[in-house]
Amino acid sequence: MSDTLYTHARGAKLTFDGSALIATDDSGKSVSLAMSPHELQSLGIAMMEAEDPGFAAEYAGAKLGADLVHELYQLRGCPQAEAFRVLHANLCALMKLENADRAAGGFAVQVVNVLELGMANLPRMEEGGD
């Protein structure tokens, strides 16, 4: 079974069957390029970077954000100082990326919803209590 990735209005299409990228022209002739799912992902990223130079920074920021969420999840039950160390390290790495605005946007996409969910589930204190 192959997944159609792109279909041109004239009938040409690109499909992926899990181990090969297949290009078929509008007359039905096709060519196949052996490729793993990871290689297909890398190809897609390279194509996006060629079209939009800021995409690389956004992708790198998103990866940092996803890594941070994963690391913080692994640190559940550990002292808060360890979580702050990990957060600090990731923020420092984020600041070093080129195109900082785009990198921060990618980072935020990965982190903000997790932080909002965590904040919403913090224990609530009643007002006026001593």
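The values are calculated or read from the model by the stated rules, or taken from the named source; none is laboratory data. Please read these numbers as outputs of a predicted model, since none were measured by experiment. No Cβ is skipped: glycine too gets one built from the backbone with ideal geometry, and neighbour counts run over all protein chains shown.
Here is a list: V86, V111. Which entry is free of Cβ contacts under 8 Å to residues at least 24 places away in the same chain and surrounded by 16 or more Cβ atoms within 10 Å (Cβ to Cβ)? Of V86, V111, the one residue that is free of Cβ contacts under 8 Å to residues at least 24 places away in the same chain and surrounded by 16 or more Cβ atoms within 10 Å (Cβ to Cβ) is V86.
Screening the range 34-44 for residues that are loosely packed, with under 12 Cβ neighbours inside 10 Å and modelled with pLDDT of 90 or more and picking the one that is farthest from the chain's Cα centre (by Cα) gives A34.
Contact map, the range 1-24: residues that are among the β-branched types (V, I, T) paired with residues that are in a strand (DSSP E or B) and loosely packed, with under 14 Cβ neighbours inside 10 Å, Cβ distance under 6 Å, separation 6+ or inter-chain. Pairs shown: T15/T4; I22/S30; I22/S32; T24/S30. What about A20, is it over 25 Å from the mean Cα position of the chain (by Cα) and surrounded by 11 or more Cβ atoms within 10 Å (Cβ to Cβ)? Spelling it out, it is not the case that A20 is over 25 Å from the mean Cα position of the chain (by Cα) and surrounded by 11 or more Cβ atoms within 10 Å (Cβ to Cβ). Can you name every residue in the range 42-55 that is in contact (Cβ under 8 Å) with a residue 40 or more places away in the chain and assigned to a helix (DSSP H, G or I)? Hits for the range 42-55 are G54, F55. The criterion of being part of a helix (DSSP H, G or I), in contact with a strand residue (DSSP E or B) (Cβ under 8 Å, 6 or more places away or on another chain) and either exposed (fewer than 11 other Cβ atoms within 10 Å of the Cβ) or at pLDDT below 90 (or both) does not hold for L5. Select from the range 48-77 the residues that are surrounded by 16 or more Cβ atoms within 10 Å (Cβ to Cβ) and of a type in the set (G, A, S) and write down the one among them that is nearest to the chain's Cα centre (by Cα). Among residues in the range 48-77 that are surrounded by 16 or more Cβ atoms within 10 Å (Cβ to Cβ) and of a type in the set (G, A, S), the one nearest to the chain's Cα centre (by Cα) is A62. When the residues of the range 78-112 are filtered to those that are of a type in the set (S, T, N, Q) and more than 18 Å from Q41 (Cβ to Cβ), the one that is farthest from the chain's Cα centre (by Cα) is Q80.
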